[in-house]
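Asker: Shown below is the structure under consideration.
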Amino acid sequence: MKIGITCYPTYGGSGVVATELGKELALKGHEVHFISYALPFRLNHYIENVYYHEVETTNYPLFEFNLYSLALASKMVEVATYEKLDLLHVHYAIPHATSAFLAREIIKDRMDIKIITTLHGTDITLVGLEPTFLHLVKFSIEKSDGVTTVSRYLKEKTLTNYNIEKDIEVIPNFIDSEVYRPGKETCFRRRLAPNGEKILVHTSNFRAVKRVTDTIRMMKYILAEVNAKLVLVGDGPDRSECERLVRELDLTNNVIFLGKQDAIVDILSAADLFLIPSQSESFGLAALEAMSCGLPVISTSVGGLPELVRHNETGFIAEIGDVDRMAKYAVDLLSNEKKYKLFSLNARERARTKFEKSLIIPQYEAYYDKVLGR
Ligand code: GMT
């Protein structure tokens, strides 16, 4: 197949899923054309069958605002026509699904291209619901030839929030468990926890929806029972507030801000426990990456997280904002070696047997075939 993929190319779960999917499809012999405004950050080495087409926007003085959605539609037309694409697979509805609709309309008299839209989360649960975008998102979903969501929860939300009657395929996030694997005794661990402290990790874009401050509040309780360090990876709007809270709670020796990092596997595989206290999470790719490295996960009960984390088996689930309970769960695991080992094995096993890339990529291929009527 000849597949065009559009995604957000910088940090963010949807971009990661789109890029890893494209790479895997190319390795299986499909021709994959990424169409975006920058090279996706995970496309950092040459892969046969992968091509990249950059969307350029014009800074004409009359256009006070950047016309990216239109420039993207134009580039989609160009790539679809000259590369003879079978389908455009767009990740994150806004504005990608709308640009793809426009592109398909422009070329419909000379070629039949199918659009598949994968919904990832905040495009449906947050931004998409704003009055500015609601009608556009509903329209673009209804006009897509195929729609997938990353969890059953997000499928339900899409159907009810936008009053849509359409077949939606659930295809979860996936992992390469050969890359994301356990390996505790690293120099990273010795550096961060020189006195044998337990290491808790949280990775995110530090937006309000991630409730990063809850991970810091948890530390106050945890430190009364267990010698531990909290490693915070990532950056975003809430970082300053988090740093202020760490100083206020007198936790500067126990909370480490690493900022944005590429070496996520090195960090995760050196750690003991992953925290994801989100207010909303359609799947939780960060938690899956941690589980694959053998980390039990403590999460909230929101969105698609209960479809990933098994309560009392691969980790624990608590209500949003229930910092005390999450901290108790953390202490329970970190102070009981036998239980910890079992949960760690369970977490890795669940990631490997349910979300391994070799199980999920064929689901996308089968769905492409279905939409293309093959
Ligand atoms: O909102 C974000 O955190 C980024 C967003 C994205 O689309 O880049 O992540 C979403 O997509 C990921 C990949 O499918 C999911 O694993 C995340 O759960 C989801 N984030 C939210 O729903 C908040």
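Asker: In this structure, is residue 39 assigned to a loop (DSSP other than H, G, I, E, B), over 28 Å from residue 109 (Cα atoms) and away from the ligand (no atom under 16 Å from the Cβ)?
Answerer: On the way: assigned to a loop (DSSP other than H, G, I, E, B): yes; over 28 Å from residue 109 (Cα atoms): yes; away from the ligand (no atom under 16 Å from the Cβ): yes.
So residue 39 fits the description; yes.
Asker: Now for a different question. Filter region 74-91 down to the residues that are out of contact with any Gly (no Cβ under 8 Å at 6 or more places or on another chain) and either among the basic types (Lys, Arg) or within 16 Å of the ligand (Cβ to nearest atom) (or both) and list them by number.
Answerer: Selection gives 75, 84, 90.
Asker: For residue 124, only one of the following conditions fails: (1) assigned to a helix (DSSP H, G or I); (2) more than 22 Å from residue 364 (Cβ to Cβ). What is its number?
Answerer: (2)
Asker: Which is outside the structural domain of residue 30 (by TED's automatic domain parsing), touching a Cys at 6+ places or on another chain (Cβ under 9 Å) and small (Gly, Ala, Ser), of 347, 327, 318?
Answerer: Matching residue, one of 347, 327, 318: 347.
Asker: Determine, yes or no, whether residue 87 is assigned by TED's automatic domain parsing to the domain that holds residue 35 and open to solvent by 40 Å² or more (accessible area, probe 1.4 Å).
Answerer: no
Asker: Additional query: Those residues that are open to solvent by 60 Å² or more (accessible area, probe 1.4 Å), farther than 19 Å from residue 367 by Cβ and within 14 Å of the ligand (Cβ to nearest atom), I need them from region 127-155; list them, please.
Answerer: 129
Asker: Out of curiosity, is residue 209 touching a residue at least 40 places away in the same chain (Cβ under 8 Å), outside any loop (DSSP other than H, G, I, E, B), open to solvent by less than 30 Å² (accessible area, probe 1.4 Å) and assigned by TED's automatic domain parsing to the domain that holds residue 285?
Answerer: Details: touching a residue at least 40 places away in the same chain (Cβ under 8 Å): yes; outside any loop (DSSP other than H, G, I, E, B): yes; open to solvent by less than 30 Å² (accessible area, probe 1.4 Å): yes; assigned by TED's automatic domain parsing to the domain that holds residue 285: yes.
Answer is yes for this residue.
Asker: Now a separate question. How many of the residues making up region 62-84 are surrounded by fewer than 13 Cβ atoms within 10 Å (Cβ to Cβ) and assigned to a helix (DSSP H, G or I)? Outline the logic, then answer.
Answerer: Keep residues of region 62-84 that are surrounded by fewer than 13 Cβ atoms within 10 Å (Cβ to Cβ), which gives 62-66, 82, 84.
Pick out the ones that are also assigned to a helix (DSSP H, G or I) and you get 82.
Matching residues across region 62-84 total 1.
Asker: Have a look at 23, 28 and point out the one that is away from the ligand (no atom under 16 Å from the Cβ), in the same structural domain as residue 366 (by TED's automatic domain parsing) and either more than 23 Å from the chain's Cα centre (by Cα) or under 19 Å from residue 85 (Cα atoms) (or both).
Answerer: 28 is the lone residue from the list that is away from the ligand (no atom under 16 Å from the Cβ), in the same structural domain as residue 366 (by TED's automatic domain parsing) and either more than 23 Å from the chain's Cα centre (by Cα) or under 19 Å from residue 85 (Cα atoms) (or both).
Asker: Inside region 230-325, counting only strands (runs of 3 or more DSSP E) that do not spill past its ends, which hold 1 or more residues that are within 16 Å of the ligand (Cβ to nearest atom) and more than 16 Å from residue 180 (Cβ to Cβ)?
Answerer: Fully inside region 230-325 and qualifying: 273-276, 297-300, 315-318.
The values are calculated or read from the model by the stated rules, or taken from the named source; none is laboratory data. All figures in this text were calculated on a predicted structure; none of them were measured in a lab. Cβ atoms come from the backbone with ideal geometry, glycine included; neighbour counts cover every protein chain shown. Heads up: the accessible areas ignore ligands, DNA and RNA and are worked out on the full protein's heavy atoms, side chains in. Shrake-Rupley method; radii C 1.70, N 1.55, O 1.52, S 1.80 Å.
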